[in-house]
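Report on the following structure.
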Amino acid sequence: MEDDAPVIYGLEFQARALTPQTAETDAIRFLVGTQSLKYDNQIHIIDFDDENNIINKNVLLHQVGEIWHISASPADKGVLATCYNKTSDSKVLTCAAVWRMPEDSEPGGHESPDDSASTAHTLELLCHLDNTTHGSMACVTWEPTGDGKRVISLADNHILLWDLQESSSQAVLASSASLEGKGQLKFTSGRWSPHHNCTQVATANDTAVRGWDTRNVTEPVKTLEEHSHWVWNVRYNHSHDQLVLTGSSDSRVILSNMVSISSEPFGHLVDDDDLSDQEERRPEEKSQEPPQDSVIATYEEHEDSVYAVDWSSADPWLFASLSYDGRLVINRVPRALKYHILL
Amino acid sequence: MAAAATGPGPGSGPGDSPEGPEAEAPERRRKAHGMLKLYYGLSEGEAPGPDPLDPTDLNGAHFDPEMYLDKLRRECPLAQLMDSETDMVRQIRALDSDMQTLVYENYNKFISATDTIRKMKNDFRKMEDEMDRLATNMAVITDFSARISATLQDRHERITKLAGVHALLRKLQFLFELPSRLTKCVELGAYGQAVRYQGRARAVLQQYQHLPSFRAIQDDCQVITARLAQQLRQQFREGGSGAPEQAECVELLLALGEPAEELCEEFLAHARGRLEQELRSLEAELGPSPPAPDVLEFTDHGGNGFVGGLCQVAAAYQELFAAQGPAGAEKLAAFARELGSRYFALVERRLAQEQGGSDNSLLVRALDRFHRRLRAPGALLAAAGLAEAATEIVERVARERLGHHLQSLRAAFLGCLTDVRQALAAPRLAGKEGPGLAELLANVASSILSHIKASLASVHLFTAKEVSFSNKPYFRGEFCSQGVREGLIVGFIRSMCQTAQSYCDSPGEKGGATPPALLLLLSRLCLDYETATISYILTLTDEQFLVQDQSPVTPVSTLCAEARETARRLLTHYVKVQGLVISQMLRKSVETRDWLSTLEPRNVRAVMKRVVEDTTAIDVQVGLLYEEGVRKAQSSDSSKRTFSVYSSSRQQGRYAPSYTPSAPMDTNLLSNIQKLFSERIDVFSPVEFNKVSVLTGIIKISLKTLLECVRLRTFGRFGLQQVQVDCHFLQLYLWRFVADEELVHLLLDEVVASAALRCPDPVPMEPSVVEVICERG
C-alpha cells in the first residue's frame, strides 16, 4: 500500500500561524495567517478534500496587521482568535482579538483561487483582548473542552484568563497571574493541558525535544535529537499521543513514535484516571511487545524554516506544516503505522 | 759296596802300549767322553770338521784309527808326528784323570745313598710298630666314649627341663612383680616404661586369667593401668605441654587399648581449643583498639600460629589414627575445614582492611606468605580443600585490587580534569589570554599514562614468578586477560570515554559549567587515544602480562572506535557550546534593540566586533590542539583588503535585486530559486577533527541564530541598513575561518534578505557606504 503523496499549497506571503479548525470535525480544515508588513494580511481557510486530494481555499482579509498566532474556537467553528502586530511609527505592539468569519466564507464556494484578493471577505471583529497594561501578546488559546467562553492569553510574563461574554462580543479579564522566573522572561507559547492528570509534557530547546514528567522535572524522561536546528513546534496527536510531530528551522518536519512519553498504555496497563480518552483507546490495545521509540518519518518538502505544525482536528492521521516562505504541506501518517496502531 | 770294583783296569794305563793302545785309547776315550757329554747335556757343538762321517775326525762317531794313523804317517813329517804323539799322550792323561775324579765322586754319592736307604729301612720298621699301637689305643678310646655317652644320656634331658623351668619361673616372677613395678613406674612418671610392661604382660594375663593367682595379678594390673590411663588422660587434658607431648600421650593411651574413636574426638577437641586460642589472638590483632600490625605481620602470625598448629595437629593425627581409615580422615578434614574457614574469615577481614591501601607489594608479599603457608596443610589434608580456599581468597583479593586500581585510575583521571579546570580558570584571572592548552593536554596525557603504568606495575606483582600463587591457572589466564586487560585497562579507557561523554550529555546546568576549553582538550585527548595511546597501552599490557588466555578480549579497533566517537561527540558539543555563546550574543543584540526607531547606521555595532573577536579567540584556541584542515579551493589566500573589494563588487550584484523595493513575491521567488541551487545546510551537524570544520560549525550556528532572530523582528529603514552593515562586517572577517566561504555568504545574504522582508520601508544603503563604514569600524 503506497502512501499518498504530500499535498502542497503555496501562500503568497510569509506565514507563521497555523491552526486546525478545532470545532470542525467533519471536514479537514486548517487556518493559516500570513505575515506581511506591506500588504493586507490574510487568513487562508484551507479545506482539504481527502477523497480527491484537492485543496480548496478561502481567503479572509485581516487588515489590522501581520498574524503571529492563530487559534480557532473549539465550540464555534466560525470564531477564531489571532495575535497580530500593530505597527505604529517606531513602535510594535502585539495585540490579540477574537474574530468571526463571515458566514458565506465556507469553503466549497465558487471563488477561484487566483483572484483571492478581490473576492476576499473581511473578518468581523468580535472583541479585542485589551492588553495595554500587560505588554505584547504571545499567544491565545481556547479552553479545549469548554464552550468557547474562556480563553487564555500570554502577555510577556503574564497569563491572562479571559471570559468572553455576550456571544463573545466582550472580553472581560477574569484573572491574571504573573509568572516569576530568573531573568526577564518572555513566554512565547502556552497550551491547555489536554488531560486532567497530565504528567507528560514535551518541550523543545535548541535541537532537542525532551519529554518531561511534571512530577519530577529535574531529569527529562526522553530526549530526541533528530533536528539539526531549533525545534519551533511540538504537537501530540489528539487521539494517539505517542505520535509526536515536530517542526524545525532546519526545514524538516519529523513524525516520531515516542511511546515512552505518551499516555498510551503499554499492553493492558490502562490508566484508570484517564477516563476521558478511554472510549477512543479501548479498541487499540496492542500486542504485548513493547513498542520502541523511533522516528517514523522525516518530511523534507519545505525549503525554509518550519514554524508551525499541527494535526487536523477531523482526521487524526493527517497533519499540516507551514514554512516561513508560505508553503503549507499536508501529510498523512504512513498507512502501515496507522494500521499497526489501530489493529 | 762291591760295585766299587769296576773302573779302569790297572793294566791298561796310559802309555802301556806305545802304538796299539795308543790307537785304541782315543776311541774308548771318545766313547766315554761322548757318554759323559750326553750325561752333562753338552752338545757336540765344538765338533770340528764339517763332516761327521769323516773317519779321520778324532772326535767323530765314525773315527777309524787305522785311517787316521795312515793319514798321519802319510802326511806328517816326523817332528809333527812326535808332536802329535805327545799331544795325544797329554790329552789322554788329562782325560784319564778327569774320569777318575768323576768316578770317585759318583762312587761316594752312591755309598752315602746306600747308607741312607739302609737307615730308612730300619726306621720304617719302627714306625709300623707305633702305628699298630695307636690303632689299638684308638679302639679303646672309642669304646670308652660310647660307654660315657650312654651313661650321661638321661641326665642331659633333666638339665634341659630344669633350664625351661627356670625361664618360666623368671617370667612368673615378672608377672608377680608387675603390679609393684607398674606402680613404681607410674609414681616415677615413666609412663612409657609402664605401658611397655603392661603391653608385654597383657597377653599372658589374658590367656591365664582362669587361674586365680593370675586373675589377681591381672586385676591388680588393670587397676594400675586404669590409674595410669587416668593420669595420662589428665596430662592430656591439661595439655599445656604442646602438641608433641600430647601426641605421645595419645600414643600411650592407644597402646593401653583406649577406644581410638573417643581419643581422636578428644584429641581434636583439644587441638581445637588450642587453635581457637590462636584464632582469638589473631582476632585481637584485628580489633580496632590496638594499632593493627601491618598485613604482612598479620599473615606471618597467622601462618606461624594457626597454620603451623594445624599442620602439627594434622600430622600427629594422621600418624596416630592412621588405623581409623577413611572415617578418621574425614573427621580430620571436617575439623580442618571448619577451623580453616574461620581462619580464612579472619584473614579476609584483615585483607579487607588493606583494600584501601596503596602498597601493593606488601599486600602481595602477605598474600604470598599466606598462600605458601597453607600449601603444607593443603598437601596434608587434600580433602579439607584448604589450598583451594586459600587460592580463592587470593584470587578474590586480586580481583578487588583490580577494582580498586580501576577506581583510583578513575579518580586520577577526574583529578586531572579538576586540575585542568583550575588551570583554565586561573590564567583568566591573571588576565592572560589562552592558557597553554597543548601543554595542559600533554600534562594530562602523561599523568594518566603514568598512572596506568603504575597500576600495571603494581598489579604485575601478582604474577611475579617468585610469588607462590602466580602459577595458578587463574593468575596465568583469567587474571591477565579478563582482570587486567579487560577489567582494568579496557575498563578504564571505557570509563574515561564515558566520563568525557558525560560532559556533553547534560547541556543543562552541568554542561554549561564545563569550560569549552576542557571539552576541546578532552576531545583531543580522546582522539590521541584513538590514534596511538590505546594501542600503546594495550600492547604494553599484553607484553607485561603475556596474555595466553583464549577468552575473547576487546579488540583495539573497538576501543579506538569508541574513543573516536567520544572525541567526535565532544568536539561537536564544543561547537554547540561555543556556537551557543555567540548565538546568545547575537540574539540579545537583535532582541533588545528597537529596530524601528534606530538611527542611521554610523558604525558597525560593537556586538559584531565582539563576535569576530570571540571567533578569533576560538580559532586560536582550537588551533592549539587541532590541525588546520582543508578549505575549499575557492578560498584564495587573498588579503582582507582585496577580498573586501572582490566581495563588495560581487555583493552588489547579488544583493541588488533584493534591495529594490519590488514586490515581495519577487524576493520570495528569487530566494527560492537560490535555495533550489544551494544545498541544504545542516546547522548542527557533526564536525570533523580539524580547526576549519570546528569553526565552520560554530559560525553556522551563530549565523542561523541571527537569521531566525531577525525574522522575529520588524525593522525600520535604518534598522535594515544597520543589519546590512553588520552583515557586511561579518562577511569581511568570518570568511577566513570557514571551509567554504560560500556558506557564510549564503547565510548572511539570507539574513539581509529576511531583514528586508521584515522592513515596511526597505531602502538599502549604498554598498560603497557600507564598505566605508565597515572599513572604518
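One table, with the values for the structure above:
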quantity	calculated
From B:162, B:152, B:175, residue being within 30 Å of residue B:219 (Cβ to Cβ) and either touching an Asp or Glu at 6+ places or on another chain (Cβ under 9 Å) or in a helix (DSSP H, G or I) (or both)	B:175
Residue, nearest to the other protein chains (Cβ to nearest Cβ), within segment A:17-52, restricted to residues that are in a strand (DSSP E or B) and of a type in the set (S, T, N, Q)	A:35
Within segment A:302-332, considering residues that are in contact with a Pro (Cβ under 8 Å, 6 or more places away or on another chain) and among the aliphatic types (A, V, I, L, M), the one nearest to the other protein chains (Cβ to nearest Cβ)	A:329
Residue match in segment A:2-16 (condition: in contact with a strand residue (DSSP E or B) (Cβ under 7 Å, 6 or more places away or on another chain), more than 14 Å from chain B (Cβ to nearest Cβ) and without any contact (Cβ under 8 Å) to a residue 60 or more places away in the chain)	no
In segment B:697-717, residue farthest from residue A:69 (Cα to Cα) [restricted to those that are within 8 Å of another protein chain (Cβ to nearest Cβ) and out of contact with any Asp or Glu (no Cβ under 8 Å at 6 or more places or on another chain)]	B:704
Where residue B:509 falls short, out of the listed (1) modelled with pLDDT of 80 or more; (2) within 14 Å of chain A (Cβ to nearest Cβ)	(1)
Pick from segment B:620-634, criterion modelled with pLDDT under 80 and small (Gly, Ala, Ser), ranking: surrounded by the fewest Cβ atoms within 10 Å (Cβ to Cβ)	B:633
Which listed residue is under 27 Å from residue B:769 (Cα atoms), at pLDDT 80 or above and of a type in the set (Gly, Ala, Ser), from B:606, B:617	B:606
Residue within segment B:552-570 that is within 14 Å of chain A (Cβ to nearest Cβ) and in contact (Cβ under 8 Å) with a residue 60 or more places away in the chain present	yes
Search result, residues across segment B:327-346 that are surrounded by 19 or more Cβ atoms within 10 Å (Cβ to Cβ) and of a type in the set (Ser, Thr, Tyr)	B:343
Set B:546, B:519: member being assigned by the TED database to the domain that holds residue B:420 and modelled with pLDDT of 80 or more	B:519
Residue in segment B:571-586 that is under 27 Å from residue A:225 (Cα atoms), among the charged types (D, E, K, R), assigned to a helix (DSSP H, G or I) and touching a helix residue (DSSP H, G or I) at 6+ places or on another chain (Cβ under 6 Å) present	no
Unmet criterion (only one of (1) closer than 20 Å to residue A:99 by Cα; (2) within 14 Å of chain B (Cβ to nearest Cβ); (3) not hydrophobic (A, V, I, L, M, F, W, C)) for residue A:58	(2)
Verdict on residue A:46 being buried (at least 22 other Cβ atoms within 10 Å of the Cβ), in contact with a Lys or Arg (Cβ under 7 Å, 6 or more places away or on another chain) and farther than 25 Å from residue B:710 by Cα	yes
Candidates A:262, A:312, A:287, filtered to the one that is at pLDDT below 85, touching a strand residue (DSSP E or B) at 6+ places or on another chain (Cβ under 9 Å) and either hydroxyl-bearing (Ser, Thr, Tyr) or at negative phi (or both)	A:262
Set A:61, A:80: member being surrounded by fewer than 17 Cβ atoms within 10 Å (Cβ to Cβ) and under 23 Å from residue A:127 (Cα atoms)	A:61
Output for segment B:587-604, where each listed residue is crowded, with 18+ Cβ neighbours inside 10 Å and away from chain A (no Cβ under 14 Å)	B:589, B:601, B:604
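The values are calculated or read from the model by the stated rules, or taken from the named source; none is laboratory data. Computed from a prediction, not measured in an experiment: that's the story for all the values here. All Cβ positions, even for glycine, are placed from backbone atoms using ideal geometry, and neighbour counts span all protein chains on display.
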